[in-house]
Amino acid sequence: MFSGIPVTKALSPSDIYLSAHVIHQGELNLIRINTESGEIPLVTWMEKKVHLVPNPEKTDWIGFLGADLTASPGRNDVVVKMSNSGPEQRLNMEIREKDYGVRNLTLPQNMVDLDAETLARVRKESAVTNALWEAEPSSPLWDGPFIKPVPGEVIGPFGRRSVINGQPRSPHTGVDLRGKKGTPIKAINHGRVVFTGDHFFSGLSVVIDHGGGIQSMYFHMEKIQVQQGETVKKGAIIGFVGSTGRATGPHLHWGVRVNGARIDPSQLVDKSNQLEE
């Protein structure tokens, strides 16, 4: 059974469970709603629709609520309805700050202070990836728990702020996983490949849309094994660990977005494992 926090029912006969009422920047909460067959719950959080996945009988609905790495602290209620015109139930949820620490890196100067040509390339590539994050969510394709793409330990934690050659930079929006060059990289769940390419910072890269507002990204690959538009299954090999782009050695940068929020990928694995409890 799912062990969540029961919420007082206002929309009988629904039972609503929220894994916690406090969420830190870069973290996930799991919501689960039990309904009578044929009822479809509607959930919104931070003014965005939360996409829910039902069981075969459509009596058990699950979804994820993600707080971006830089989300403003404070209360943000989860709103649950059983129809667009029906009464709403508001579930109290609070976002709190989290300090992920600082890392100091030393890189070749030409990889930090970009010339005009490289800067133009970076801006163009940034526009391409931003379009991916801003795209309308597709129907959920994922099923069951998410998995790690490689077995290696975390060598670059999520959220840690960077100081490169003495200059403050953006926080780390994914995790770096240890891996030898050529280590197979697996898709963390079912999905569709929405991007493959070679970018200045991320090197050989793959982005998978798992539907329901969940996207995963894999950077610095040695080789890409899939094509854009291809549908992949959970555990399928999508490429191999490398050190392309701005990388100091072989590893996998693994990132996840949920409804546009940059969250710690390990949270998605941990929270989705609760689905089998």
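The values are calculated or read from the model by the stated rules, or taken from the named source; none is laboratory data. Keep in mind it's a predicted model, so treat the numbers as computed, not measured. In this analysis, Cβ positions are derived from the backbone assuming ideal geometry, glycine residues included, and neighbour counts consider all displayed protein chains.
Brief remarks on what is shown
- Selected residue (criterion: farthest from the chain's Cα centre (by Cα)) from residues of the stretch 225-248 that are surrounded by fewer than 18 Cβ atoms within 10 Å (Cβ to Cβ) and on the phi > 0 side of the Ramachandran plot: Gly229
- Flag if Ser202 is outside the structural domain of Ala236 (by TED's automatic domain parsing) and within 17 Å of Thr248 (Cα to Cα): no
- Qualifying residue in the stretch 171-192 (condition: free of Cβ contacts under 8 Å to residues at least 24 places away in the same chain and exposed (fewer than 14 other Cβ atoms within 10 Å of the Cβ)): no
- The one condition in (1) free of Cβ contacts under 8 Å to residues at least 60 places away in the same chain; (2) on the phi > 0 side of the Ramachandran plot that Pro157 fails to fulfil: (2)
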